[in-house]
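A quick write-up on the structure given underneath.
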Amino acid sequence: MGRKLEREFSAGGVLVRRIRGRPHCAAIRPQGKAAGVWALPKGNLDPGERPEETALREVWEETGVRGKLVEKLGDVKYTYTRRNGLRVFKIVSFYLLTASSGRLGEIEERMRVEVAEARWLPLDEAPRLLAYGGERQMAQLALDRFGA
């Protein structure tokens, strides 16, 4: 008899700002990952939170930069196995955000357990530099939307 998959919902953002006229996106290196492993900021929805609110909060908490919502880019769906062997079907909704205030990397001390470093990646290189396929796809959608 097949066990029912647990479901998990997260949201994240492709946070874009222009640096010397060139669009860049904020990426993080999760704590415990090797140098050069870049990911988009994301996290689980808090109770009562809408996905776009989660994306804005997670981007700010993990990068130190507040964003403004532009539009939803899409969903990344995958299945993974927790340490206890439970299979989880996860949906991560990604949103295109533009940087409004804050300084990249100036994050609360409590977030240092999750985030090793944050960096602006050139948006046209992000589809190659990000570690995860679904996130590379979201960066490509942002690039298509934002233009170079």
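Here are the numbers for the structure shown:
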read-out: Residue of Y95, Y78, Y132 that the Gaussian network model of the chain assigns the largest fluctuation, springs spanning Cα pairs under 10 Å; value: Y78
read-out: Fluctuation leader among E61, E108, E53 - the chain, Gaussian network, Cα springs under 10 angstrom; value: E108
read-out: Given the chain, longest segment not containing exposed loop trypsin sites (Lys or Arg not before Pro) (DSSP; at most 15 other Cβ within 10 Å); value: 34-81
read-out: Angle between the chain longest axis and helix 51-63 axis [Cα atoms, degrees, rounded to 10]; value: 60 degrees
read-out: Helix-only CD estimate at 222 nm, as mean residue ellipticity for the chain, using -39500 (n - 2.57) per DSSP H run (n ≥ 4); value: -6000 deg cm²/dmol
read-out: All-pairs alpha carbon distance profile, the stretch 6-146, 10 Å steps from 0, percent; value: 13, 44, 36, 7, 0
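Bear in mind these aren't lab numbers, they're just calculated from the coordinates by the rules spelled out. Treat the numbers as computed from the prediction; the structure is a model and nothing was measured. Counting neighbours? That spans all protein chains shown, and the Cβs are built from the backbone with ideal geometry, glycine included.
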